[in-house]
Amino acid sequence: MKKFQIVHNPTAGGATYVKTDLLKQFNKVQVDYVSTEDDHWQQFYKNQPDLVYVAGGDGTIGRTAKVLLKHFTPQQRPHLSLLPIGTANNVAKTFRITKNSSFSLENDNTTFLFDVGRIKGVPDEENFLESVGFGVFPELISEMKKRKVENEPPSEKLQRTLRVMLEIITKYKAQKATIKLNGMKIKGSFLLLELMNIKAVGPCIEVAPQADPGDGYLDLIVIPEKSREEFKTYIQTLIELNSTSSNPEEFTITPSDLENFATTIRLKKLKIKSKASSLHIDDTLVKDYSGNYLKLNIIPAALKVAKFGL
């Protein structure tokens with residue numbers, strides 16, 4: 001008999017999902033439940049599940065995935081299934097998974113490969129699922145922590161985050177960086193350097209619309225200082241396009257002119273260093289960046305996402 005594990009962030013999605021709601025979906029099978037509010041929730045791996053059902057947002061998915069990467073070999077690693085109830089849900093949107101399509105024991109299998117990035121050169125070398133970057137996004141993470149609003153509806157938080165992003169782009173001092181990849185060296189001053197494994201970052205900003213998290217490649221997105229006004233216009237358009245939506249799942253509307261001022265390079269590995277004092281790894285802010293080269297590469301098919309279960 002297959003063993004199922006629920007990993008639940010009870011504060012995600014305005015705390016609209018409770019333990020009993022999730023257990024109802026598994027009333028015919030063996031299932032274990034753990035809340036991320038529990039002190040030792042990461043020890044769920046000891047249950048040796050076949051599938052881990054993550055009810056939460058991007059952060060919950062990332063933390064759960066790192067448990068699987070650490071404690072299981074590739075051959076033994078459980079599948080993931082997602083109930084996207086966070087704010088942005090960028091991972092689920094990349095796989096086109098919504099609350100309604102995320103899981104059903106009765107439906108046929110639909111499985112996606114999920115590559116994982118690897119970064120070396122930070123104090124704690126680690127994996128990343130979404131993206132690593134310098135520039136305006138680390139600033140955004142820092143600023144949103146300072147401006148935290150309790151019990152804010154997800155759609156309102158997304159719009160507010162976009163407005164803060166616009167403020168940051170307006171005043172951010174572009175930082176010098178050097179990138180080595182594919183036998184080339186790129187140098188310049190940049191507002192944004194993002195190495196993407198999925199399509200979107202932050203408040204559903206789809207900076208890598210062609211990214212495929214299962215193709216064995218990463219997408220490097222580069223926006224230079226000279227494109228500041230185009231970048232500001234892009235974010236302002238996002239704010240206007242999404243202003244009428246009260247449903248976070250609809251925050252996928254993206255202007256089509258990003259490619260006019262942003263450069264995209266597909267790659268499997270690179271070295272990068274920046275004069276910036278911080279970077280982000282998924283939703284984690286790294287403030288003590290040394291300025292030395294970071295080495296980044298891709299681990300193909302490290303995870304598998306089951307859209308409808310096993």
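The values are calculated or read from the model by the stated rules, or taken from the named source; none is laboratory data. Note that the structure is predicted; figures quoted are calculated from it, not measured. Note: ideal-geometry Cβ built from the backbone for every residue, glycine included; neighbour counts use all protein chains shown.
Just one of (1) buried (at least 19 other Cβ atoms within 10 Å of the Cβ); (2) assigned to a strand (DSSP E or B) fails for Gly86. It is (2). Within region 167-178, is even one residue buried (at least 17 other Cβ atoms within 10 Å of the Cβ), assigned by TED's automatic domain parsing to the domain that holds Leu270 and closer than 22 Å to Leu129 by Cα? Taking every residue of region 167-178 in turn, none turns out to be buried (at least 17 other Cβ atoms within 10 Å of the Cβ), assigned by TED's automatic domain parsing to the domain that holds Leu270 and closer than 22 Å to Leu129 by Cα. For region 7-46, filtering for residues that are in a strand (DSSP E or B), more than 15 Å from Lys99 (Cα to Cα) and touching a helix residue (DSSP H, G or I) at 6+ places or on another chain (Cβ under 9 Å) leaves 6.
Ile97: closer than 28 Å to Leu192 by Cβ and either part of a strand (DSSP E or B) or not assigned by TED's automatic domain parsing to the domain that holds Lys295 (or both), yes or no? Against the criterion (closer than 28 Å to Leu192 by Cβ and either part of a strand (DSSP E or B) or not assigned by TED's automatic domain parsing to the domain that holds Lys295 (or both)), Ile97 qualifies. Taken over region 18-53, the residue count meeting the criterion of being among the hydroxyl-bearing types (Ser, Thr, Tyr) and in contact with a strand residue (DSSP E or B) (Cβ under 6 Å, 6 or more places away or on another chain) is 3.
Rundown of residues vs (1) under 16 Å from the mean Cα position of the chain (by Cα); (2) surrounded by fewer than 18 Cβ atoms within 10 Å (Cβ to Cβ); (3) touching a residue at least 40 places away in the same chain (Cβ under 8 Å); (4) not assigned by TED's automatic domain parsing to the domain that holds Lys269, yes/no style:
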residue: Glu130; (1), (2), (3), (4): yes, no, yes, no
residue: Gly135; (1), (2), (3), (4): no, no, yes, no
residue: Arg147; (1), (2), (3), (4): no, yes, no, no
residue: Glu156; (1), (2), (3), (4): no, yes, no, no
residue: Arg163; (1), (2), (3), (4): no, yes, yes, no
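Within region 52-60, one or more residues are surrounded by fewer than 20 Cβ atoms within 10 Å (Cβ to Cβ), out of contact with any Cys (no Cβ under 8 Å at 6 or more places or on another chain) and not assigned by TED's automatic domain parsing to the domain that holds Ile205.
Picking from residues in region 187-245 that are in a helix (DSSP H, G or I) and touching a residue at least 60 places away in the same chain (Cβ under 8 Å), the one that is farthest from Ile272 (Cα to Cα) is Asn242.
For every residue, the table says whether it meets (1) under 11 Å from the mean Cα position of the chain (by Cα); (2) among the aromatic types (Phe, Trp, Tyr); (3) farther than 22 Å from Asp38 by Cβ; (4) modelled with pLDDT under 95.
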{"residue": "Thr64", "(1), (2), (3), (4)": "no, no, no, no"}
{"residue": "Phe72", "(1), (2), (3), (4)": "no, yes, no, no"}
{"residue": "Leu83", "(1), (2), (3), (4)": "no, no, no, yes"}
{"residue": "Ala88", "(1), (2), (3), (4)": "yes, no, yes, yes"}
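Within this structure, Glu126 fails the test of being charged (D, E, K, R) and crowded, with 24+ Cβ neighbours inside 10 Å.
All conditions in (1) touching a residue at least 60 places away in the same chain (Cβ under 8 Å); (2) surrounded by 14 or more Cβ atoms within 10 Å (Cβ to Cβ) hold for Thr16, with the sole exception of (2).
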